[in-house]
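The values are calculated or read from the model by the stated rules, or taken from the named source; none is laboratory data. Being a predicted model, the structure only gives us computed values, none of them experimental. Cβ atoms come from the backbone with ideal geometry, glycine included; neighbour counts cover every protein chain shown. Areas reflect the complete protein model, heavy atoms only, side chains present, ligands, DNA and RNA absent. Shrake-Rupley method; radii C 1.70, N 1.55, O 1.52, S 1.80 Å.
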Amino acid sequence: MRVNERKWKRIALLLLMVSLLMTAAAGMLFYKSGYLDRIQVKLGIEGGGYKSSAREDYILTGWAASLDGFQADIVFMGDSITCGGDLPSFFPERSVCKLAVPGDSIQQVLYRADMVEKLAPKKIFLLVGVNNVSRGNFENTIEENYKLLLKKLTGICDKVYVQSILPVRKPSKVDNARIDRANEIISNLAQEYDCEYIDLQRAFVDEEGELREDLTKDGVHLSEKGYEVWAEQIQEFVEE
């Protein structure tokens, strides 16, 4: 019995030492990852060496507006298409907040719906989906997540304007036929959730079914003229 007891004590001691070594190693990796620095910066604690990414800056800016009590007449939500233009400048008489992050999918826009709720807007203009179209089984992804997004936004604001996904042109590899199919889904969901659907396609598409060359700088993102055309298309909805 005594031999067995000594044996088990040694095993327990060995396991304890292994556990301590693993904990120390995990702690070192945690420290070297810079995660502690990130927390320090986000909490406003001096000494952090972490520099936030551009994506994080866009998100933090949105939260800053929300948490500072900013009240918006209009909120523009979306991805890099919305992010890339100075939409508020087209409507100087309105209180406008832009909550858009490059690369965002419908799901990621949904994650930021709480920001919109704090802004208490009178109107929401939504344009998102091209990043879903370019990924995997886009039809199911768009339908499932757009439903969740519209359910959330219509619970926040009575007037939600759903804008069609814009066409693209080369060198973009996104298929415009897929964008057309996505817009069919989005249009039907807008009707289901009693939202105003704004078809931007007619103003942006050329005779070949692609994004007009004079309205884009790279086949996907809009030029300055492109944003002017966009503002013209939604002017009546902003003012109504």
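Observations on the structure shown:
- Residue within segment 139-151 that is among the basic types (Lys, Arg) and modelled with pLDDT under 90 present: no
- Residue check for Lys98: under 25 Å from Ile142 (Cβ atoms) and surrounded by fewer than 22 Cβ atoms within 10 Å (Cβ to Cβ): yes
- Answer residue from segment 61-84, given it is in contact with a helix residue (DSSP H, G or I) (Cβ under 8 Å, 6 or more places away or on another chain) and part of a helix (DSSP H, G or I) and is modelled with the highest pLDDT among those: Ile81
- Some residue of segment 199-217 being under 27 Å from Glu117 (Cβ atoms) and either in a helix (DSSP H, G or I) or touching a helix residue (DSSP H, G or I) at 6+ places or on another chain (Cβ under 6 Å) (or both): yes
- Of all residues making up segment 138-165, the number that are more than 26 Å from Leu222 (Cα to Cα) and more than 15 Å from the chain's Cα centre (by Cα): 9
- Residue list for segment 109-138, filter: in a helix (DSSP H, G or I) and either hydrophobic (A, V, I, L, M, F, W, C) or modelled with pLDDT of 90 or more (or both): Val109, Leu110, Ala113, Met115, Val116, Leu119, Val130, Asn131, Asn132, Val133, Phe138
- If you go through segment 145-198 and pick out every residue that is open to solvent by 10 Å² or more (accessible area, probe 1.4 Å), closer than 16 Å to Leu110 by Cβ and either in a loop (DSSP other than H, G, I, E, B) or touching a strand residue (DSSP E or B) at 6+ places or on another chain (Cβ under 6 Å) (or both), you end up with 5.
- Pairing residues of segment 130-155 that are closer than 14 Å to Glu192 by Cβ and of a type in the set (Val, Ile, Thr) with residues that are part of a helix (DSSP H, G or I) and open to solvent by less than 70 Å² (accessible area, probe 1.4 Å), at Cβ distances under 9 Å and at least 6 apart in sequence or on separate chains, gives Ile142/Ile106; Ile142/Asn132; Ile142/Val133; Ile142/Ala182; Ile142/Ile185; Ile142/Ile186; Ile142/Leu189.
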